[in-house]
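A quick write-up on the structure given underneath.
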Amino acid sequence: MATFTQHLRARGEDGLAALLAARPDLASPPPASVRSLAARVANRGSVERALATVDAGVLTVLEAVLALDGVAGAPDPSGVPLPRLAHATGGDLDTTARAVDQALGLALLWTEPDAPRTGGRSATPSSTLVHPAPGLEDALGPYPAGLGPRLVATLARRAPQALEGLTADVGAPEPDAAVTTVEALAAHLADPETAQRLLADAPPGARAVLDALAWGPPVGRSPAAGNDQGPGRAAVEWLLRHGLLAVGDPQHVVLPREVALALRAGRTHREPPLAPSPHGRSTPLATVDAESARAAEDAVRLVAATVAAWGAEPPPVLRAGGLGSRELRRLAARLDVTDAVAALVVEVAGSAGLVAEDGEDPPSFAPTTSADDWLRLELPERWEALVEAWLASERAPWLVGTRDERGGLRAALDPETRRPWAPRLRRTVLEVLAAAGTESLPAGLAAEEVHDVLRWRSPRSAPPLHAVEAVLTEAGLLGILGAGATSTAARALVVGHADGGTGHPGGGDGHAVAGAHPGGGDGGPGADPGPARTPAAALAGQLPPPVDEVLLQGDLTGIVPGRPSPALADVLERMAHVESRGAGLTVRFTEASIRSALDLGRTAEDLLAELSRHARTGVPQPLEYLVLDVARRHGRVRIGVASSYLRAEDPALLAGLVEDRSLRALGLVRLAPTVIAAQAPPVALLAALRERGLAPVTEDATGTVVVAAPDVHRVRAPRGQRRAQPGTAARQAPSAEEARDRRLRRVAKDLLRADQAENAVIARGGTQGPDGTGDGDGPDGGTGSGTPDPVLALALLREAAAEGREVWLEIVGPAGTTTRRRVRPLRVDEGRVRAVDAEREAELTVAVHRIAGVAPA
Amino acid sequence: MTDGPLIVQSDKTLLLEIDHEAAAACRRAIAPFAELERAPEHVHTYRLTPLGLWNARAAGHDAEQVVAVLLEYSRYPVPHSLLVDVAETMARYGRLQLLSHPVHGLVLHALDRAVLEEVLRSRRTAGLLGTRLDDDDVVVHPSERGHLKQVLLKLGWPVEDLAGYVDGEAHPIELDETGWSLRPYQRQAVESFWHGGSGVVVLPCGAGKTLVGAGAMAQSQTTTLILVTNTVSARQWRDELLRRTSLTEDEIGEYSGARKEIRPVTIATYQVLTTRRKGVYTHLELLDARDWGLILYDEVHLLPAPIFRMTADLQARRRLGLTATLVREDGREDEVFSLIGPKRFDAPWKDIEAQGYIAPADCVEVRLTLPDGDRLAYATAEPEDKYRLAASAAGKNRVVEQLVARHPDDQVLVIGQYLDQLELLADHLDAPLITGATTVRERERLFAAFRTGEVTRLVVSKVANFSVDLPEAAVAIQVSGSFGSRQEEAQRLGRIMRPKADGRTAHFYAVVSRDTVDQEFAAHRQRFLAEQGYAYRIIDAEDLVAG
C-alpha cells in the first residue's frame, strides 16, 4: 500500500501547484520538500482551514470516508470505494464523485498513486479507493458521523480467553492462520446477518439499547452496577457478552462502528445533504435598482460629507486607537444619521483610504491625499471605490459600539475592530443573494435564509448570524442591495469578482473552491457571457436621468423633481439645507444657509443668478428678498489678521506712518485715526519705530486677537491603502492571478526537485526511503541527523503512529541535554506525542516543543 | 417609470407637482390617507403618518388602495420599505374592536388574539379592562372607553369603535335654507361626518364651519352641546343658528362666565368648563345635564387639555370637531384622533378660494428699519424684553397710517398684541379699540357697527383672533402677535377672507421690525400660511410712500 507522501509526489507539478493554490497556507513559506509538504497538509490547523472551505456535501463524504475506512468485513482493508460511499451517504454516484474530487483537490482525501486521476475536471472513477488524509481524524473527532470505535479496537481490549468465549457465543468460525482471532471475530460481527441472528435470541430491551445508540452518539451510560437488576442491565450485559456493545470506560458502553453500520443498513448518514435554495421575495428590478441607486448616492454623499467635515476639523484619535464615541455621535448628528450608520460611513471611508490617522502628536483622523482624487471622480466611480474597499475590508463596522471581552467599548476605526473573515463573508453573502431570484426579478433573502446557505457551504466555519445580518444591512446602506435584493450594479460587482479570479484582498484567508457546489442552486451567475460591465458603469445606468431644474416657492423651499444634476446639487448644497431626500429633493432656504453661501465668497447677485439659471418658475419674491437682505447685512463686521498693532491717544503721532514708504515692510494698515495694525511682529515694529524716532512701548498681550484661517489638514495615505483607480482592480486581477499561478508552479517545481535530491541522498546513505517500508539501520550516533524541521518531525511522527513504525526521537531534557530514544509513536495530539519505548517497556508523553529531531528508525 | 405627478420620498413625504395634468386626480386620490403639509405655488408636500393612514382605514380605505394609488401616480419607483410600512401600519388599525355586547355591554373584541394578549399585558391598560369573557373578548368599563382608545392608539393598535352611540334626547332641528343653501363641500362634510359617526372636519377660516355644525345638528335631530373658545364666539354661534335653522331663542342657551343657561342646544365656552375651584371642575355637571345626542367642538386645535379628559368620558355620544387646521402647537393630534375621532373631511384653502367661497388674499410683510436709537436700545435689552421692544416700535405707527391711507374705501382691522401700542394706534387712527377689557356688550356694538360700515377702522387685540365674524373686513394690519404662533396668523388672515360682495381681493399686512426677533417670529408665523399657498411679498417700509 502506498502512503500519503507518495500520493502527493505522484500528483506531479500541476497537481501540487493546484493544491498549493487551493490551500494557500501550505505555500507560505514554500515547503522545503514533498515530505515537509505532506507534514504541513496533515497539520491540524491546516486541515481545519481546508475543512472550513468545504460545503456540507463534501463534509458528509469526508465523514463517511473516515467512518468506513478500515472497518471490519469490508472487502478492502483500507480505503473506501465510491459506490460504497454513495450508498453510505445516500447521495448518487455523480454527486459523491464530485465531492470526492473536491476533497482530493484539497488533499483531504487521497488515492493510490496509480489510480487514474486527471486533476479535477472529470470525476474520480468508481473503482478508486479513497483514503482519509492524515490529520483528518484529528480534525473531525473520534466519532465521525456518530459512529463509535472499530470492532478491531474494541475487541483488542478483551482478554484472549474472553475472545475465545466470545467466538463460541456468537458462532464465529475458527480463525485460520492468515488472520488473528480478533480480525476473524470482527469480520464475523460486522456482518449484518450476524447481528440479526444474534438479536433474534436477545433479551427484551437489547434492541432498544442498540437503537438508542445506533445513530449516535455511540456512547451510553452503563446501568449502575450491583443494585440494578432490571431488564436494562440484563440487556446491556447480554449485548456486551455477544460483542455487540463494548466497554468504553467503567461508566460507559460504546457501540462498535461495524455494529452501528449494520443497524444503519450500511448508511453513515440518514439522508443525503441537500443544499438549501431559498427563493426569497422577489422585487421588480426597477424598484431594486432605483432603491440601490438612491442608497448608493446617499452613501457617497455621506462619505464626502465626512471627508469635508474632518478636513476642516480632524477629530482626535483615542489613546487606545479609534474614534471616540462622542466624536462619532457628533458626526452622526452632523450627517443626520444614526450612530451605526455613521460608524459604517467612517469605516468605509477608512477602508477606502480616504481618511487616516495623520501621525501628528496628538494624532487626529484626517482626509488623505487620495480623498482629493476620489472627490474628483463622478458619482458611480466614487461609489465603486467605496464598495470595492468595503468588500475587501476586514473591518467589522457592526461591532462598533458593542463591548469587547474586557468590557471596553469598541470604537470605530479602532485597529482591533476587525474580523479576518469579513471579506469572505461579504462576498459569499452577495453571491448567495445574487443567486436568489433571477436577474430581471431579483429576490431579497432574510438573514436566516442566507445563513442557512452559508452553513451548508462551509459548515465548519459558518459565520455568526448577526454578522450576516450586519452585512445585509451594510450592503443595503451602501446601495449594493435595493429592497434587500441584488441590483444591476451589485451583480456587476459580484460577477466581476467571480470572473476576475479569487483575488484575495483579505490576505491569507482560504477561499478557493474549485468546481460547482454539488446539488446547490448556487451555480452563480457564471452563465452571463456578456461583456463585463464595471459596477460603476452599471450604477450609472441605474441612476435616473439628472434633473437640472428646481421649483422655487414662496415658502422658501425648493423642490427638485428628481435626482439633481451635480451642478444643481452643488448650488443647492451651498445655499440651502436639505429637508427631505429620496427620488426628489426638498431644500429650504434660510438666513443661515444663505449666509454660509455668502461666506464662501459669493455675492447676492451670484447666488440669484445661479438660482434663476436653474429655476424653471423663476425666483419668488420672498426668496429674492431673503438673499438680498442677508447679503445686505453680510460682512458688516470685519475680521482681519494682524501681528501687532500701534495705538496712540494722539492721532497726530500716528499720522504719516501708513504712507511712509520706508515702513512699507511693516505692512501697516490704519484701522482708525488712533489705531494702526501691522503685519510685522511686535519686535520688528518696535525696532523700526524706534529708529524713526518714536518712543513706542509694547503692551502686554491681553486684547490682541489673532485670527487664523482654518487649516485644511491632509496626510499621505498609508501604504497599501492608496486607492487604486476604479476598475483597475478588476482589470489587473487576471494578471495578478497569472503571477500567482506562476509563483505556485515554481514552488511545486522546487518541491519536486528537492524531493528528488533528498531521495538521492537517502539512497546513497543506504537508508530506506522516507516512506519507510522496512527497518532502517539506526541513525549515526549522536550527530542528530533526524529532521529538525518541527513540521516535518510531526509528520514523521504521525505517519509512524499511523503505520505502527518506530522512530528515533531526540528529546531536549529540562537541563538542556538531548537524549535519543527509539520509540513507537501512538498518538500526536494537542502539542504532545504519546509513544511507547519498546526497549524500556515504558509509555512516554513528550511535549512537542521538547522534540529536537525525529528520524525513521 | 411613469411620468406621474407624484414623487414619493423615502422619508414618507409625497411631493405633488401641481402644474402636472394629472395633479388634480392625484390630489383626490391621495387626500384620504396623506396629510397635506405644505401647499405653496408649485409643489405640494403631503406626508404619510400613522394617524393619516388610520384615518384612511377608518374611512374604509385599505392598504392595497393606498399602495395602488402611490404606484399609479409616482414618477419614480416607490421605495419598497415605504410600501411595506404602509401595509403594516394600516393593518394595525381595527385588529381590536370596541363592540356593544347584548349581555356584557361594552367589550373589546380581538380579531387577532396575539394583539389582545400584547395589549392585556401592557401596564397601560391596567384598570381599564374588566373580566375576560373568552379568548377574544374582554369587558371594558364603560367609563374608560375614551381612555382605552387613547391608550390603544399610544400602543400602536388603534381600536375601531363600533360600539355605537346613545341616541340622545331627540329635538327637532331643521335648516332654514331660504335665500341661501349649504355649499356642496359643506354638505359633503356633514355627510362624511355623519357616515363616520364621530370625527373632525377641517375647513379653512371663512369657509363656513358654523354651517357644517348646523347641518350636523339638523342631521342629528337631537339636543346638542356646542363648545366654543369664548363668549363672543358663543354669541355668534347663537346668532348664526337663529338665522340659519328652525331653532328659536328659547331653545338656545348660553353657558358662560356671564350666564348659565341649559337649553336643548347649549353653547358653552372652554373657559367656563375648565374653571376650577379648589381643584375641582365646578361646571362638569353641564356635560351630564341633559342626554346630549351631539357634541360640537369649535376650533379643535385649541381644545385645552382638561376638555380632552372630559371628552374621554363622552365617548358614547356623537362628537364633531371643527377646525381650520389639525396642526396643534402642542402636538396632541393623536388625542384629537382617539378622543374626538378621525378626520372625516378636509378641503385646502386654495381649493375653496378657487371655487369662489373665500376671498383671494394678498399677503404683504412690511419691513421697517428701526432708527439707530431704537436699534441700540434693542441690542442692549434683556432677552425677554426684546420682542416687545421690537414689536411695538414707534415707527410702526407711521407705517400703519400709510397702509390705512392706501385703503380709504375698505374696512380695515388693525390687530396687535400689546395694549399700549394698540391704544396709541387707536389714537393715531382715531378708531375705536376693542381689547379683553372691553365689555361684551360694547364689543358686540362695535362689531355690529363695523359690519354695517358705520365704523370703517377698528383696532383690536387678540380677542378678535377667533370666531369673530366680520364679513366685510377686507384689510387686516397686524402690528404684533403672540410670538411665533402659526395658527394665530391663520386665524387673523381668516378674519378678512369672507368673500366680498364685489369680489375684491383681501389684503393682509404684517408690519415687522427689521433685524429683530420680530422678524424671526414673523417668518415662523408666516410659514403656515405660505404652506397653505399664501406667499408673502416683502416690501420695505421706505418704499411704501412711493408705492
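The values are calculated or read from the model by the stated rules, or taken from the named source; none is laboratory data. Small disclaimer: the values here were computed from a predicted structure and weren't measured. As a convention, Cβ positions derive from the backbone with ideal geometry for all residues, glycine included, and neighbour counts pool all protein chains shown. Side chains included, ligands, DNA and RNA excluded: accessible areas come from the protein's heavy atoms. Shrake-Rupley method; radii C 1.70, N 1.55, O 1.52, S 1.80 Å.
Cut-off under 20 Å on the C-alpha distance; same-chain residues fewer than 8 positions from B:LYS396 excluded. Which lysines are left, in chain and number order?
Within the straight-line cut-off, B:LYS396 pairs with B:LYS386, B:LYS462.
Of A:SER282, A:PRO256, A:GLY266, which is farthest towards the positive pole of region A:250-307's charge dipole, taken about the Cα centre with +1 and -1 on the beta-carbons of Lys, Arg and Asp, Glu respectively?
A:PRO256
Angle, helix B:486-495 long axis vs. longest principal axis of chain B, Cα atoms, 0 to 90°, nearest 10?
That works out to roughly 70 degrees.
Could you tell me the center-to-center distance, by alpha carbons, between region B:230-279 and region A:40-76 in angstrom?
A separation of 92 Å, based on Cα centres.
With contacts defined as alpha carbon pairs under 8 Å and 6 or more residues apart, what's the relative contact order of chain A in percent? Intermediate values should be presented prior to the final figure.
Values: 1432 pairs, mean separation 112.4, N = 857.
It rounds to 13 percent for chain A.
If you take every DSSP beta bridge whose two residues both sit in region B:219-291, what share of them, in percent to the nearest 5, is antiparallel? Don't jump to the answer; show the numbers that get you there.
On the way: 3 of 12 bridges.
Of the beta bridges lying entirely in region B:219-291, close to 25 percent run antiparallel.
Run the reach check for B:LYS149 against lysines, Cα to Cα strictly under 25 Å, same-chain hits fewer than 8 apart removed. What comes back?
Of all the lysines, those that pass the test against B:LYS149 - Cα under 25 Å, at least 8 places apart if same chain - are B:LYS343.
In Å² (nearest 100), what accessible area is buried between A and B, both sides summed, heavy protein atoms only, 1.4 Å probe?
In total, this chain pair buries about 2700 Å².
Along its three principal axes, how long is region B:43-189 when you only count alpha carbons? Whole Å, largest extent first please.
Here the spans come out as 54, 51, 22 Å, largest first.
Return the percentage of antiparallel bridges among DSSP beta bridges fully within the protein assembly as shown, rounded to the nearest 5 %. Let's see the in-between values first.
Values: 93 of 152 bridges.
Approximately 60 percent, going by the DSSP bridge assignments.
What is the Cα convex hull volume of region B:146-211 when expressed per residue in Å³? Before the final figure, lay out the partial values.
On the way: hull volume 8.8 nm³, N = 66.
Cα convex hull per residue, to the nearest whole number: 134 Å³.
If you place +1 on the Cβ of every Lys and Arg and -1 on the Cβ of every Asp and Glu, how big does the dipole about the Cα centre of region B:94-221 come out, in debye to the nearest 20? Don't skip to the end; give the middle numbers.
Working: 12 positive and 16 negative charges, 121 e Å.
That gives a dipole near 580 debye.
Under a plain spin-label model, where a point goes 7 Å from the Cα along Cα-to-Cβ, how far apart in nm are B:ARG537 and B:ARG504?
Taking the simple label geometry, B:ARG537 and B:ARG504 are separated by 1.7 nm.
Averaged per residue, what accessible surface does the protein assembly as shown expose to a 1.4 Å probe, in Å²? All intermediate terms of the calculation are to be shown ahead of the outcome.
Numbers: 61170 Å² over 1404 residues.
That works out to 44 Å² for each residue.
Starting from the alpha-carbon convex hull of region B:311-460, give the projected area averaged over all orientations, in nm².
On the way: hull surface 55.0 nm².
If you wrap the Cα atoms of region B:311-460 in a convex hull and average its projections, you get 13.8 nm².
Find the centroid of the Cα atoms in region A:234-256 and in region B:95-109, then give the distance between the two in whole Å.
67
Ignoring ligands, DNA and RNA, what percent of the accessible area of the protein assembly as shown is carbon or sulfur (1.4 Å)?
On the way: 32010 of 61170 Å².
Of the solvent-accessible surface of the protein assembly as shown, carbon and sulfur hold 52 percent.
Could you give the nm distance between label points at B:ALA405 and B:HIS428, where each point is 7 Å from its Cα heading toward the beta carbon?
The two pseudo-label positions are separated by 1.2 nm.
Estimate the FRET efficiency between B:THR248 and B:ASP330 by the formula 1/(1 + (r/R0)^6), using the beta-carbon distance for r and 45 Å for R0, to the nearest 0.05.
0.70
Could you rank the peptides B:19-26, A:183-190, B:260-267 by their average count of other C-beta atoms within 10 Å per residue, with the highest value first? Write out the running numbers ahead of the final one.
Numbers: B:19-26: 15.6, A:183-190: 22.0, B:260-267: 19.1.
Listed from highest to lowest mean packing, they are A:183-190, B:260-267, B:19-26.
Report the FRET efficiency, 1/(1 + (r/R0)^6), for A:VAL637 and B:ASP3, where r is their Cβ-Cβ distance and R0 is 56 Å, rounded to 0.05.
Numbers: r = 50 Å, r/R0 = 0.90.
My answer for the efficiency is 0.65.
Just report the Cα centroid separation between region A:450-465 and region A:618-692, whole Å.
Result: 70 Å between the Cα centres.
Bin width 20 Å, origin at 0, all Cα-Cα pairs of chain B: what percent of pairs per bin?
20, 50, 27, 2
For region A:344-390, take the convex hull of the Cα atoms, compute a quarter of its surface area, and give me that in nm², please. The partial results should precede the final answer.
Values: hull surface 12.6 nm².
Quarter of the Cα hull surface area: 3.2 nm².
What are the radius of gyration and Dmax of region B:257-370, computed over its Cα atoms and given in Å?
Every Cα atom of region B:257-370 included, Rg and Dmax give 18.1, 59 Å.
Grab the Cα-Cα distance for B:GLU21 and B:HIS195, subtract it from 0.36 nm times how many residues apart they are, and report the gain in nm with one decimal.
On the way: separation 174, 0.36 × 174 = 62.64 nm, distance 3.20 nm.
This chain segment gains 59.4 nm when fully extended.
Summarise the partner chain shielding of A:552-565 as one whole number: the mean count of Cβ atoms from other chains within 10 Å of each residue's Cβ.
Numbers: counts 4, 12, 13, 16, 7, 8, 2, 9, 3, 10, 3, 1, 0, 0.
For this peptide, the per-residue mean of nearby foreign Cβ atoms is 6.
Which whole number gives the average, over all residues in A:622-633, of C-beta atoms from other chains lying within 10 Å of the residue C-beta?
Taking the mean over all residues of the peptide, I get 3.
Give the residues of region B:149-183 whose amide nitrogen is closer than 18 Å to a point set 7 Å from the Cα of B:ALA126 in the direction of its Cβ.
In region B:149-183, the label zone of B:ALA126 (backbone N under 18 Å from the point 7 Å along Cα→Cβ) covers B:151-152, B:155.
What average count of beta carbons from other chains do you get within 10 Å of the Cβ of residues in B:3-16?
Numbers: counts 0, 0, 1, 3, 10, 3, 9, 8, 5, 2, 6, 2, 10, 0.
What the average comes to for B:3-16 is 4.
Between A:GLN251 and A:LEU93, how many nm apart are label points set 7 Å from Cα along the C-beta direction?
For the pair A:GLN251/A:LEU93, the computed spacing is 4.8 nm.
Quick one: if the Förster radius is 45 Å, what FRET efficiency do A:ALA208 and A:ARG832 give, using the C-beta to C-beta distance and rounding to 0.05?
Values: r = 40 Å, r/R0 = 0.89.
The calculated FRET efficiency here is 0.65.
Rounded to the nearest 10 degrees, what's the angle between the helix B:209-220 long axis and the longest principal axis of chain B, both from Cα atoms, 0 to 90?
30
Looking at chain A, do any whole DSSP H helices span at least 27 angstrom along their long axis by alpha carbon and average -0.5 or above on Kyte-Doolittle, and which? Please report the intermediate quantities before stating the final value.
Details: long enough: A:285-312 (40 Å, 0.63); A:728-764 (53 Å, -0.87).
Flagged H segments are A:285-312.
Please pull out the direction-averaged projected area of region A:380-496, using the convex hull of its alpha-carbon atoms, in nm² to one decimal place. Don't skip to the answer; put the middle values down first.
Values: hull surface 30.6 nm².
Computed as one quarter of the Cα hull surface, the answer is 7.6 nm².
Please report the Cα spread of region A:228-287 along all three principal axes, rounded to whole Å, starting with the longest.
73, 26, 21
Mind jotting down the three principal axis lengths of the protein assembly as shown based on Cα atoms? Whole angstrom, largest first.
139, 110, 61
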